[in-house]
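Student: The structure follows.
The values are calculated or read from the model by the stated rules, or taken from the named source; none is laboratory data. Since the model is a prediction, treat every value here as computed from it, not as a measurement. When we count neighbours, we look across all protein chains shown, and the Cβ atoms used for this are built from the backbone with ideal geometry, even at glycine.
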Ligand code: ADP
Ligand code: ZN
């Protein structure tokens, strides 16, 4: 154990062999979360270790804490410079000697980091994959050498995941280059295929594997048909005034339009997509990190490397690509463990569009088949009448008993009805029009709409024309989506989204099965709106007074963060400020007992926050 760490945290060498002591002294956290303790023991015992935790469970600690307990310098491979800098900043705030090396760094900064590496003072060194592949780090390190190599976002090594990075392949040589140094691979992508790839490509066949539950209990899920997207989004954002969040759109154009009208509505929003001018892109990403209460509207190009812990909401205005992407994107909310909300709007059009994107893509037929199956699985989750969390986790192979109490189908149970007659009409309309038309036209036929197309094709003479007037077009949309989820129909993407009957439709025609449908939510929207206006304070359980104090402390934090040029959450996360507001410590000792207050932060900021508290309590 390096002398410097011992001195810094006032820990005697006995205490250093106890990871829990280090957690409490340095991070100020009372306990390990989930499997962290076990992982850390495995790493300290110098075993290769694979860590599969969902976002927000605290993967970083799994290598940061062992780095402090072990001799030598830990090397952390990270795919993004922004991410590296963020983590180094946070570690420095905790009083840990950490640095990063990357190619565009200023020579003086690089020289300083190298100096600390040589002297052995550096406990954690963050590098890009190219840098570690270039070699030489072990010989540069001090006499204790390297303690461990951590590979963050390890799924980037696999072709399978959506984030394959060629430069990660070079990491296959780590075992050869640094023999005897334990490798810790970490990822939030759990599918078996990716997992196998990581073990094989990193050459760690005997690694200890830790898989934590993928359930993110603090995130509530709501998935609703898109009826009036502007109002639906505004209702949602009103519940999050003063908080930060992400709104995902499918296209660049929609990102830009959405930002424009949000700004017109007086909501502070900025945009982000792959084609944005690089300087603006960086500025907007930085603003999201540093500021509070900003809505970032983006394509999926945004997100990797964002480890802001207090993202309070994620909204999808369009159907995501798969359940995996949905879970990854919504997982960016609520890393701090406080309540966070995920909203998705979707419609039949999305399903058609996604299907077309798959078909027109240049993937092989086999991959396209997998992608189509993934799309169907996602539609199934959108249309389920059961607990969303149960079906999402089920998709990842994890059992959940359901009735989570924190998804829309649990909190506002879906009313169901016997939709057999409606299903027969809907299927008949598809059949009678020759299985050649998209959902819009088929609904025009059912509702008896006189259009150029219904006339031209002679559909006004069909028995099904106008046979479905008891429902409006939106209701029929919902019925068709559910028939799709029940796999009674499918969308033929090659033929401009024509609906086709599946073989199983015959059993419905013959009345051999009943079709249970859920009541369309759009019918009961105004009532819902009233229920949904709960504010942040009631959701996180803060009283009016505590909320005021919390706001005052946030201002103090903002001032400090501006002064130091670091993100507010680097000073203290929201969880700590909330604990200050509710427990109202009046001495440094009382403060030290609070989650997130380690020795170094107490020394740096303790008195500032004690003063702020005293002032707020007057
Ligand atoms: P991941 O990389 O798995 O998404 P992080 O390592 O970024 O998660 O951790 C998420 C948040 O949880 C961070 O703000 C971190 O400080 C906090 N955290 C990690 N471990 C603990 C713990 N044992 N107790 C309290 N908070 C923790
Ligand atoms: Zn539920």
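Residues are listed down the side, and each one gets a yes or a no for (1) surrounded by 23 or more Cβ atoms within 10 Å (Cβ to Cβ); (2) within 10 Å of ligand 1 (Cβ to nearest atom); (3) under 22 Å from residue 168 (Cβ atoms); (4) modelled with pLDDT of 90 or more:
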{"site": "10", "(1), (2), (3), (4)": "no, no, no, no"}
{"site": "32", "(1), (2), (3), (4)": "no, yes, no, yes"}
{"site": "69", "(1), (2), (3), (4)": "no, no, no, yes"}
{"site": "82", "(1), (2), (3), (4)": "no, no, yes, no"}
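Student: Taking residue 423 as the residue in question, decide whether it is surrounded by 15 or more Cβ atoms within 10 Å (Cβ to Cβ) and either in contact (Cβ under 8 Å) with a residue 60 or more places away in the chain or more than 17 Å from residue 514 (Cα to Cα) (or both).
Tutor: Values: surrounded by 15 or more Cβ atoms within 10 Å (Cβ to Cβ): yes; either in contact (Cβ under 8 Å) with a residue 60 or more places away in the chain or more than 17 Å from residue 514 (Cα to Cα) (or both): yes.
Judged against the criteria, residue 423 is a match.
Student: Select, from 3, 36, the only residue that is at pLDDT 90 or above and under 21 Å from residue 75 (Cβ atoms). Before the answer, list the steps.
Tutor: Working: 3 fails: at pLDDT 90 or above.
The match here is 36.
Student: Determine if segment 150-167 includes at least one residue that is modelled with pLDDT of 95 or more and outside any loop (DSSP other than H, G, I, E, B).
Tutor: Looking for residues that are modelled with pLDDT of 95 or more and outside any loop (DSSP other than H, G, I, E, B), one finds at least one in segment 150-167, hence yes.
Student: In addition: Taking the criterion of being under 24 Å from residue 393 (Cα atoms) and in the same structural domain as residue 64 (by TED's automatic domain parsing), would at least one residue in segment 170-181 satisfy it? Give the steps one after another, and end with the answer.
Tutor: Within segment 170-181, the first condition is being under 24 Å from residue 393 (Cα atoms), and the residues that meet it are none.
Within segment 170-181, not a single residue is under 24 Å from residue 393 (Cα atoms) and in the same structural domain as residue 64 (by TED's automatic domain parsing).
Student: Pairs, please: C-beta under 9 Å, at least 6 apart or cross-chain, first residue free of Cβ contacts under 8 Å to residues at least 12 places away in the same chain and in the same structural domain as residue 203 (by TED's automatic domain parsing) and in segment 33-49, second part of a loop (DSSP other than H, G, I, E, B) and away from ligand 2 (no atom under 16 Å from the Cβ)?
Tutor: So the pair list comes out as 45/182.
Student: Taking segment 371-427 on its own, how many of its residues are in a helix (DSSP H, G or I) and within 16 Å of ligand 2 (Cβ to nearest atom)? Steps first, please.
Tutor: In the first step, residues of segment 371-427 are kept if they are in a helix (DSSP H, G or I); the result is 371-382, 388-395, 408-411, 420-427.
Subsequent filtering for residues that are within 16 Å of ligand 2 (Cβ to nearest atom) retains 380-382, 388-395, 408-411.
Residues in segment 371-427 being in a helix (DSSP H, G or I) and within 16 Å of ligand 2 (Cβ to nearest atom): 15 in total.
Student: Here's a follow-up. Quick check: is even one residue across segment 452-466 part of a helix (DSSP H, G or I), closer than 23 Å to residue 357 by Cβ, more than 16 Å from ligand 2 (Cβ to nearest atom) and free of Cβ contacts under 8 Å to residues at least 24 places away in the same chain? Show your work before the answer.
Tutor: Of the residues in segment 452-466, the ones part of a helix (DSSP H, G or I) are 452-456, 459-461.
Subset that is closer than 23 Å to residue 357 by Cβ: none.
No - not one qualifying residue is present in segment 452-466.
Student: Okay, moving on. Please identify the pairs in which a residue from segment 301-312 that is assigned by TED's automatic domain parsing to the domain that holds residue 331 has its Cβ atom under 6 Å from the Cβ atom of a residue that is at pLDDT 85 or above and within 16 Å of ligand 2 (Cβ to nearest atom), counting only partners at least 6 apart or on another chain.
Tutor: Correct list of pairs: 312/340.
Student: Let me ask something additional. Residues in segment 486-516 that are in a helix (DSSP H, G or I) and either within 18 Å of residue 425 (Cβ to Cβ) or not assigned by TED's automatic domain parsing to the domain that holds residue 444 (or both): how many? Show your work before the answer.
Tutor: Keep residues of segment 486-516 that are in a helix (DSSP H, G or I), which gives 493-495, 505-509.
Among the residues that remain, those that are also either within 18 Å of residue 425 (Cβ to Cβ) or not assigned by TED's automatic domain parsing to the domain that holds residue 444 (or both) are: 505-509.
Matching residues across segment 486-516 total 5.
Student: Of the residues that sit in segment 266-284 and are surrounded by 12 or more Cβ atoms within 10 Å (Cβ to Cβ) and in contact with a helix residue (DSSP H, G or I) (Cβ under 7 Å, 6 or more places away or on another chain), which one is nearest to residue 353 (Cα to Cα)? Lay out the reasoning, then the answer.
Tutor: The initial filter retains those residues of segment 266-284 that are surrounded by 12 or more Cβ atoms within 10 Å (Cβ to Cβ), namely 267-273, 276, 280-284.
Applying the additional criterion that residues be in contact with a helix residue (DSSP H, G or I) (Cβ under 7 Å, 6 or more places away or on another chain) yields 267, 269-273.
Values: 267: 29, 269: 26, 270: 26, 271: 23, 272: 22, 273: 20 Å.
Checking each candidate, the answer is 273.
Student: Give the residues of segment 580-591 that are more than 30 Å from the chain's Cα centre (by Cα) and within 15 Å of residue 608 (Cβ to Cβ), sorted by residue number. Spell out how you get there, then give the answer.
Tutor: First, the residues of segment 580-591 that are more than 30 Å from the chain's Cα centre (by Cα): 583-591.
Within segment 580-591, 585, 586, 587, 588, 591 meet the criteria.
Student: With 612, 579 as the choices, which residue is modelled with pLDDT of 90 or more and out of contact with any helix residue (DSSP H, G or I) (no Cβ under 7 Å at 6 or more places or on another chain)?
Tutor: Details: 612 fails: out of contact with any helix residue (DSSP H, G or I) (no Cβ under 7 Å at 6 or more places or on another chain).
Result of the check over 612, 579: 579.
Student: Can you tell me which condition residue 213 does not meet? The list is (1) buried (at least 18 other Cβ atoms within 10 Å of the Cβ); (2) outside any helix (DSSP H, G or I), and all the others hold.
Tutor: So residue 213 meets the others, but not (1).
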